[in-house]
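Quick one: this structure, given as structure tokens, is what I'll be asking you about.
The values are calculated or read from the model by the stated rules, or taken from the named source; none is laboratory data. The structure presented is a predicted model; accordingly, all values stated were derived computationally and were not measured. So basically every Cβ, Gly included, is an ideal-geometry build from the backbone, and we count neighbours across all protein chains shown.
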Amino acid sequence: MATVDNTPHVNETLPDFVPVESLTKPRRIDLFARLPWLKRLVKMRSFQAFLILPNLAMFYLFFIAGIFGTPVGNRNIIIVFVWILWWFFLIAALVPFASRFWCTMCPLPFFGDWLQRRAIIRVRPGKSAGTENKFFGLWKRWPKALSNIWPQNFGFLLLATFSALLVTRPIVSVIVFSILVLVATALALVYRLRTFCNYVCPISGFLSLYSMTSTIELRSVDKDVCLKCKYKSCIRGSDQGWACPWNIYMGKLDRNNYCGLCFECVKSCHYDNISLFARPFATSDVGLRGYDEVWKASIMLVLAFSYSVVLLGPWGTLKDWANISERHQWGGFGIYAGTQALLALVIYPGLYYLSIRLAKWYARADSIPTKELFLKYAYMLVPMGLLAWIAFSVPLIMVNGSYIISVASDPLGWGMNLFHTAEFPWIPLYPASVPFIQVPILLAGLYYGLLGLNKVGRELFPNPQQRYRSMAPPAALLLGTTLIFMKLFIG
Amino acid sequence: MKWKETAGVLAVVLMLVGLPISLWSWRNIIVPHRYPRGAKIFTLTATAKGGIWTQDPIVGFNYWWRTPTRTNEITVNQGDHVVVRVRSADVLHSFAIPIMRIGPLDVPAGHTIEVQFDANRSGPLTFLCWQMCSPAHGNLHGRFMVMGNAKQESW
């Protein structure tokens, strides 16, 4: 059996296309130091309430519109504002540039939080097991077996399977969001902190994955201060801030995945040691840490493909199969749902696994466990997946964006004309230019995927030749994925 | 801090109560005040499935499970100012009252168009969908029965 030399070679023949120093030093800008007003803003106790309450009001209007408004999707605010405007804003702006800032203002867990804290703005000092705050409810521990994002993976896949219903029928959106609010509230009464957001919410699942690419991060300024800190008020809370709803100790936080950006730690930290940092896109939090995260990446990528095929593609039969509510072709729907699940859960992860086995063989990397390589190299699917979703969402907003203008004036389809734009016609915005926007986005996904692969490769293989050999099979898979998307978008 | 908490709670309560009240007021108080006093206001919704004109509200929560009541005839009195708010619950329909030379007016799905006329002549005024909207298009017709003064007395 060949042995592997992981030490750096002096006479390296292959060039490194990213300088080593740029990868070893975290490149980040302390936004709180540069913008003191931002720090003052997030330290206000009412900061989160100011964001959530208007969102809650909108959400309530969506509920009313879904129940009492027109059943026609493109004339109902819940469909147009949630699945066209919000979705595009979330995937193309918030996640890449503001991490999980959506979670800061998400109205879904509002009532659960309110019941658990019995406060909207203020902090309750006191004692609830493990914290310095007084919480209400049964305060049970979430089962360890479910402390992962598998429930979110399957939840999102299930929702996505019925997406043709969800994104076109107002009442279906109302039912789904009602279930999410009820589950969030019930879990807050039974379990500790934001169990719903951490382990159940299907939206949180993909936000956690793609927030890794974001250009901002909330971190401790100096990790040593955290290690020496005797209060641990970020995770335990204080009289200034609630214990982290996501159960995160800032001294160990090194990825965006499970930080919901509530900024409670900024308020509660005794040493003022938490700050918001700006950083480069998609090159900071590399490396997935569990099979649940790898499968999430696979599910998201396959769903972006599946949506692009069904919603943007020219195949009427597939559209009929997916549109079960209108066509009632249960056999076709079974084929559609089954193929989608098979692709997301078995075929694509299987192809990725094969690429990793091939990478190990080609690089003769016997000393590195397959599991480690499988988990770490999977990061390449994260920027690729995010940008594939953005590429898929571009035509949605460009073609259907004009609905936003008309629905803003008549949110329930009752014949209102609040801004005199209710009869604004449907005008697709430069539809012919869509592929010219999608292709660079996909190429950017490929570029950042390869960059991530290279960064992880550097950590695993100091020898560039071995590294590039190990990168070749997964890179080929990524390239193939990009080409399939491009073929789909360009035709 | 206590006043901020109170303000937060008040904001939530106001929103939960105020939003439905505002919407109800718009529909039941503000809209009727747009038209001349005494106008007869009807909302007619067309559905392609079964070819039905209905005065039932067709909204998100009942569209899927409930077959609306067909409106075959609407009675008005001679001299009434009639306002018809016409809606489509599904596909593109077209509204016309040929004898009054009203329409055909496109009624796109989810839109509301408005028709006003004075019922000056007694007798039936047939209204119908003017375009081939669905296989049940032929059923999409009904009438305003304008009761003349003599008829009103005998009625």
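Somewhere in the stretch B:142-150, is a residue away from chain A (no Cβ under 14 Å), touching a helix residue (DSSP H, G or I) at 6+ places or on another chain (Cβ under 7 Å), within 19 Å of B:ILE41 (Cβ to Cβ) and surrounded by fewer than 18 Cβ atoms within 10 Å (Cβ to Cβ)?
No, the stretch B:142-150 contains no residue that is away from chain A (no Cβ under 14 Å), touching a helix residue (DSSP H, G or I) at 6+ places or on another chain (Cβ under 7 Å), within 19 Å of B:ILE41 (Cβ to Cβ) and surrounded by fewer than 18 Cβ atoms within 10 Å (Cβ to Cβ).
Of all residues being at the interface with chain B (Cβ under 7 Å from one of its Cβ atoms) and polar (S, T, N, Q) in the stretch A:53-75, which is farthest from the chain's Cα centre (by Cα)? Just the residue, please.
Looking at the filtered set, the residue picked out is A:THR70.
Right, another one. Looking at the stretch A:116-123, is at least one residue within 8 Å of another protein chain (Cβ to nearest Cβ) and of a type in the set (Val, Ile, Thr)?
yes
Same structure again: Within the stretch A:263-311, how many residues turn out to be part of a helix (DSSP H, G or I) and among the hydrophobic types (A, V, I, L, M, F, W, C)?
Summing the residues that are part of a helix (DSSP H, G or I) and among the hydrophobic types (A, V, I, L, M, F, W, C) in the stretch A:263-311 gives 15.
In this structure, is A:LEU189 over 19 Å from A:ARG28 (Cα atoms) and outside any loop (DSSP other than H, G, I, E, B)?
Answer is yes for this residue.
Would you check which residues across the stretch B:74-110 are under 14 Å from B:ALA46 (Cα atoms), of a type in the set (Asp, Glu) and more than 8 Å from chain A (Cβ to nearest Cβ) and list them?
Residue satisfying the conditions is B:ASP106 alone.
Kindly indicate whether A:PHE305 is crowded, with 18+ Cβ neighbours inside 10 Å and under 19 Å from A:LEU165 (Cβ atoms).
No: the conditions fail for A:PHE305.
Of the residues that sit in the stretch B:114-129 and are closer than 30 Å to A:ASN74 by Cβ and surrounded by 19 or more Cβ atoms within 10 Å (Cβ to Cβ), which one is nearest to the other protein chains (Cβ to nearest Cβ)?
The selected residue is B:VAL115.
What tally of residues in the stretch B:1-45 results from selecting those that are at the interface with another protein chain (Cβ under 10 Å from one of its Cβ atoms) and among the β-branched types (Val, Ile, Thr)?
7
Take A:LEU429 and tell me if it is under 21 Å from A:ALA93 (Cβ atoms), in a loop (DSSP other than H, G, I, E, B) and free of Cβ contacts under 8 Å to residues at least 60 places away in the same chain.
Yes.
Out of A:TRP150, A:TRP114, which single residue is surrounded by fewer than 20 Cβ atoms within 10 Å (Cβ to Cβ), of a type outside the set (Ser, Thr, Tyr), free of Cβ contacts under 8 Å to residues at least 24 places away in the same chain and touching a helix residue (DSSP H, G or I) at 6+ places or on another chain (Cβ under 9 Å)?
Just one listed residue meets the conditions, A:TRP114.
I'm checking my understanding of the structure. Among residues of the stretch A:393-426 that are among the polar types (S, T, N, Q) and closer than 26 Å to A:ILE91 by Cα, which one is surrounded by the fewest Cβ atoms within 10 Å (Cβ to Cβ)?
Ranking the candidates gives A:SER409 first.
Please find, among A:PRO349, A:PRO425, A:PRO383, A:PRO369, the residue that is under 18 Å from A:TYR291 (Cα atoms), at pLDDT below 95 and not charged (D, E, K, R).
The match here is A:PRO369.
Only one of (1) touching a residue at least 60 places away in the same chain (Cβ under 8 Å); (2) away from every other protein chain (no Cβ under 14 Å) fails for A:TRP86. Which number is that?
Only one criterion is unmet by A:TRP86, namely (1).
Let me ask you something else. What pairs come out if I take residues in the stretch B:32-47 that are within 25 Å of B:ASN72 (Cβ to Cβ) and pair them with residues that are at pLDDT 90 or above and among the basic types (Lys, Arg) whose C-beta lies under 8 Å away, six or more apart or interchain?
Listed by first residue and then by second, the contacts come to B:ILE41/B:ARG85; B:PHE42/B:ARG85; B:THR43/B:ARG85; B:THR43/B:ARG87; B:LEU44/B:ARG85; B:LEU44/B:ARG87; B:THR45/B:ARG87; B:ALA46/B:ARG87.
Just a yes or no: is a residue in the stretch A:144-159 assigned to a helix (DSSP H, G or I), within 29 Å of A:ILE216 (Cβ to Cβ) and in contact with a Leu (Cβ under 7 Å, 6 or more places away or on another chain)?
yes
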